[in-house]
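Written below as structure tokens is the structure these notes are about.
The values are calculated or read from the model by the stated rules, or taken from the named source; none is laboratory data. Predicted model, so just to flag it, every value in this text is computed and none were measured. Here the Cβ positions follow ideal geometry from the backbone for every residue, glycine too, while neighbour counts run over all protein chains shown.
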Amino acid sequence: MSIVLAQLEVRECVGELVLNGVPVVRIAPDNVPIANVAAEQYLVPGTNRLEILLEPGPTPRTARTAYREIDFRPMRAAGRLIRFDAEGVPGLAEYGQVLGETTFVWDPQTRPERRSFPIAVETQVELGAAHGRWAWQDAPPLTLDDALLREIDALLREIEDTFRRGDKAAYARLIDAKVKDLGRAYPNLPPGALQREVDALFKFAGGSPDPVLPRDPSAEEYRLVAQDRMIELVDRDFRASLKLRDPDNGTANPHGLLVARLNGILVVVR
């Protein structure tokens with residue numbers, strides 16, 4: 001069973017990996033230096049665009065626009081799409097097939113003394129039919145106006161209430177579009193694997209009498225992604241706006257959501 005992972009590797013810089021316009025992972029030097037994310041559900045037929053955004057701005061909506069000068073320091077970053085054909089192997093490039101890679105290097109030999117960041121580097125990867133065209137690719141571009149923000153708030157409240165009630169069936173209906181796409185993206189998953197993930201999520205949430213942490217509207221900074229066809233529901237610190245309470249210690253467990261308008265309705269698509 002093969003699987004395509006998106007990989008981001010950074011040294012001495014903050015990097016965000018973006019696949020077909022969708023941010024998939026963000027790491028900094030004080031986190032792990034390398035991270036892999038399952039990428040099948042973000043792949044599109046034909047040309048796939050893999051991009052690294054280096055030293056992004058401080059908030060989601062300013063990630064690409066908050067320019068600043070940075071004095072030289074040696075930094076490196078690489079973004080990769082890697083296909084792995086064997087299970088249980090280390091998630092490193094040498095154990096798989098690199099389908100595409102984009103890199104950035106600022107080293108002593110080629111350095112200017114200062115550079116303006118953020119910097120974006122990208123590559124294109126041809127993947128044939130992939131898993132077919134996704135519904136979100138034909139979703140209408142959105143505008144983050146007051147009406148849309150009210151729709152987002154209503155959807156989040158619905159999702160939060162399913163966790164408070166322990167209503168897995170209602171939650172499943174709200175993420176139906178996402179689950180159907182995951183079934184296409186990962187056809188070799190064991191039967192019932194996606195349902196078991198939902199069961200585990202609700203078991204985790206059910207361990208607390210108050211499973212959802214209150215949202216802070218002043219911290220929310222949703223951003224348009226995927227050519228404005230999706231909205232990433234995040235706060236100013238790039239963490240997901242919906243957070244479940246850890247039943248053991250009360251800490252926040254961000255629950256990432258990407259939404260789009262399908263058939264006139266705002267729904268969870270990733």
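Look through segment 123-153, keep the residues that are in contact with a Leu (Cβ under 6 Å, 6 or more places away or on another chain) and in a strand (DSSP E or B), and return whichever of them is surrounded by the most Cβ atoms within 10 Å (Cβ to Cβ).
Here the answer is VAL125.
Applying the selection to segment 243-265, what residues are in a loop (DSSP other than H, G, I, E, B) and either free of Cβ contacts under 8 Å to residues at least 40 places away in the same chain or surrounded by fewer than 21 Cβ atoms within 10 Å (Cβ to Cβ) (or both)?
ASP246, PRO247, ASP248, ASN249, GLY250, THR251, HIS255, GLY256, ASN263, GLY264
I'd like to know if segment 183-194 contains one or more residues that are more than 20 Å from GLU40 (Cβ to Cβ) and surrounded by fewer than 13 Cβ atoms within 10 Å (Cβ to Cβ).
No, segment 183-194 has no match at all.
Looking at segment 209-223, which of its residues are surrounded by 13 or more Cβ atoms within 10 Å (Cβ to Cβ) and either of a type in the set (Asp, Glu) or touching a residue at least 40 places away in the same chain (Cβ under 8 Å) (or both)?
PRO211, VAL212, ARG215, GLU220, GLU221, TYR222, ARG223, listed by residue number.
Show me the helices (runs of 4 or more DSSP H) found entirely inside segment 154-241 where at least 1 residues are under 16 Å from LEU258 (Cβ atoms) and modelled with pLDDT of 95 or more.
It comes to 168-174, 176-185.
Cβ-Cβ distance below 8 Å, separation of 6 or more or different chains: which pairs start in segment 162-175 with a residue that is within 12 Å of GLY206 (Cβ to Cβ) and not assigned by TED's automatic domain parsing to the domain that holds LEU213 and end on one that is modelled with pLDDT under 95 and surrounded by fewer than 17 Cβ atoms within 10 Å (Cβ to Cβ)?
none
Determine, yes or no, whether ALA200 is at negative phi, in contact (Cβ under 8 Å) with a residue 60 or more places away in the chain and within 21 Å of the chain's Cα centre (by Cα).
Answer is no for this residue.
Quick one: which residue in GLN195, GLN227 is within 30 Å of SER2 (Cα to Cα), without any contact (Cβ under 8 Å) to a residue 24 or more places away in the chain and outside the structural domain of VAL44 (by TED's automatic domain parsing)?
GLN195
Using the structure shown, decide if VAL98 is β-branched (Val, Ile, Thr), modelled with pLDDT under 95, within 30 Å of ARG184 (Cβ to Cβ) and more than 20 Å from the chain's Cα centre (by Cα).
Values: β-branched (Val, Ile, Thr): yes; modelled with pLDDT under 95: no; within 30 Å of ARG184 (Cβ to Cβ): yes; more than 20 Å from the chain's Cα centre (by Cα): yes.
Spelling it out, it is not the case that VAL98 is β-branched (Val, Ile, Thr), modelled with pLDDT under 95, within 30 Å of ARG184 (Cβ to Cβ) and more than 20 Å from the chain's Cα centre (by Cα).
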